[in-house]
1. Along Cα→Cβ, 7 Å out, is where each label goes; now give me the distance between the ones at ASP418 and ARG389 in nm to one decimal.
2. Can you tell me, using C-alpha contacts under 8 Å and at least 6 residues apart, the relative contact order of the stretch 244-437 as a whole percent?
3. Rounded to the nearest 0.05, what FRET efficiency is calculated for ASN258 and VAL8 with R0 set to 56 Å and r the Cβ-Cβ distance?
4. I'd like the distance between the alpha-carbon centres of the stretch 366-432 and the stretch 127-161, rounded to an integer number of Å.
5. I want the local charge near VAL146. Using Cβ-Cβ distances under 12 Å, sum +1 for each Lys or Arg and -1 for each Asp or Glu among the other residues.
6. To the nearest 0.05, what FRET efficiency results for ASN294 and GLN186 with a Förster distance of 51 Å applied to their C-beta separation?
7. Go ahead and run the numbers for FRET between SER219 and ASP351, Cβ-Cβ distance against an R0 of 56 Å, rounding to 0.05.
8. Along Cα→Cβ, 7 Å out, is where each label goes; now give me the distance between the ones at ALA95 and ARG360 in nm to one decimal.
Amino acid sequence: MTQAVKNVQRLRAILGVFGRHGLQEFLIRMGLERHLSASAKEEGVENRTLPERLRMAFEHLGPTFVKLGQLLSNRPDMIPENFIDEFKKLQDNVAPLPFEAIRTQIEKELGGKISDFFSEIHAEPLASASIGQVHAAKLLDGSDVVVKVQRPDIDHTIKQDISILSFLAAMMEKYLPETKFLSPQQIVEEFSRALHYELDFVIEANTMIRFAENARGNSKVVIPKVFRKLSGKRVLTMERLHGARITDLAAVKAMGINPRDLVDIGARAFFKNVMIDGLFHGDLHGGNVFAMKNPETGEAQIGVIDFGIVGRLSQKSRDSFSRMVLALVSEDYETLCYEYAELGASGTGIDFDAFQREVRNTLSPYVGAALKDVNAGAILIEATKIAVRYSIKIPGDWMVVFKAIFTLEGMGRQLDPDFDLLAIGSDLVKTVLKDRYSFQRITKDFAWLARDVNALLQVAPRQIRWMFRKFNANDFAFEIKFKEVEVIRRQMERSFRGLGLAILTAALFMAAAMSLQMQSGHFVFTYYPLPSILFFSMGLIGFLGLILRSWR
C-alpha cells in the first residue's frame, strides 16, 4: 500500500512536469488529466518544439528519464531525427554528493572502515553521473585505483520510475495510436533490462574480466584490472589508467604517439570483439577511450573504461555481421537486404523487392566511392530505418553495433582523415569466414547437427506410434480445435444465460405490478402484500444478478 501511494505521488509529479512543459494534450488523450494539479500549467514553452519540450521535461525529471532519453538517441531506426537531435543534448552530469554519503556507501558495501581498504581516497570526484560517481584512491600497497560508487537508494528511485514508465507506455499504445509503431512497451522493457545491468557493478566487473581475457595476447589494448575483494554490487574498484583522451589530438601528439596507430588498434580490437568474441563495448566515445604508451616497449596502446553498456551477439549474429561487412565492401546491397530480413522479425506481407529497391536507391550515392569515403555506420543505420518501414524489426543489440561503428568512424576521422574502417573490417572478415568454413568449424557444426538428429530419431518413432494409436481409437477421425471458436461458444452461452435471466427478471417485476389491483370506480388500490413483496424481491435479486454479471 505504501509503495502504491508513493507511485501515485511520483506519477502526479511526473505528469505535472509534463503538463508544465506543454504536453497536456497527450495526457488528456490518455485519460490522465485527473492526476494533473491546477498548477500544472505551461511555463514559457509556447515557442518550443515538441522535441524540445520533451527533452526539457526529461532533464527536469532526473536520472531515469535522462537515461531513457540517451537510450532513445541511439535508436534512429525508431525515433524521428528531430527528437534524436534533442535527446543527444541530454547530459549525464549531475552535482556530486557530499563525500560523507560516499564514505558511508563504501563502508556499508565493503563491510569495514574506509581506512581498512585504502591508504587515501580523494573527496573530490573525478566524474559525477546520475547513477554514481568516481573517486581516485590508493590501495594500502600504494597502487593507483579508481572507486566507482553508486548513489545511495538510486536503485529504488529507478525501480519506481520504471514501474511508472511501464504504465505510461501501456497507456500510450492504447490511447495514442500514432505511437504504436514505436513499440513504447518494448522500449521500456529494453530500457529496464539495460539499467538492471548498469546498476549491478558485479555484472560490470565480470564483463571487464571477460574483456581482459578476450584481449589477452594483445598488448596494445588495456582493460583496467578489477579488484574483486574491494568491489560489490554498489562499489567497483579498478586499476587507474593514465593517459590522454583519444580525441585530444594535441595531447596525443605530445605523447609522441602517431594518431593513425591508435585508430588502427581501436578498429581492429572492435571488429574482433564483434565478429569473434561476440562481446563489444556499447558506449564508445572520447571519454571512455584513452591514448597510452607501453612503459616497457614505448608502443602505442589504447585503454578502455566504463563497461556498463555492452552488446552481445550470438555465433549466428556474428556470422551475419561478417557477411554485412563483406556486402558493404563489395557493394552487394542485395545480400545486405537479405541479411536484414534474416535478422529481423518480419511482419506478414513484406514486399522484399520494394525494400531492396529502396535500400539500393538510398545508398546509390556510395556506389563506386572509395572505402575511406563510405560511412559504414551511417549506411547501416539508414538501411535499418528502411527495414523498419517494411515491418522488419531489428533487435536492439544490433543498433548498439551500428551506433558504435558510427561513433568509431567519427573518432577515427578526427585523428586520421584517411581512416578506412571498412578496409580494416574486410581484412578481419576474411579470417572469420575462413574459420567459418574451416574443417574444424564444419566438424563442430556437423556434431551439433548429428546430436539433434539423434535426439529426433529417438523420440520420433514413439511419437508416431502414439499418434496412430490415438487416430485408431478415434475411429480414424481427426478432431480439430480452434481456441477462437471455444471462446465464442463460451461467450454465446454466457449471453444466452444473461438473456434468460433478464426475461425472468422482467416477468417477476410484471407479476409484482399485477398484484397491485386498482378499483377504478373508487380510485383506490387493493394491495395483496405477500405476492407483491415476493415477486418484487425475486425480481430485484435477478436485477442485481444482471448488474454483477455485467461487471465480470
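Bear in mind that the values in this text are calculations on the coordinates, not laboratory data. Keep in mind it's a predicted model, so treat the numbers as computed, not measured. Using ideal geometry, Cβ is built from the backbone for each residue, glycine included, and neighbour counts are taken over all protein chains shown.
1. 3.7 nm
2. Details: 249 pairs, mean separation 53.7, N = 194.
Averaging sequence separation for qualifying contacts and normalising by length gives 28 percent for the stretch 244-437.
3. On the way: r = 60 Å, r/R0 = 1.07.
Here the calculated transfer efficiency is 0.40.
4. Between the Cα centre of the stretch 366-432 and that of the stretch 127-161, the gap is 34 Å.
5. Numbers: positive: LYS138, LYS148, LYS225, ARG240; negative: ASP144, GLU239, ASP306.
Combined, the nearby Lys, Arg, Asp and Glu give +1.
6. Numbers: r = 45 Å, r/R0 = 0.88.
Step by step, r from the Cβ atoms, then E = 0.70.
7. Values: r = 51 Å, r/R0 = 0.91.
The value I calculate is 0.65.
8. 6.0 nm
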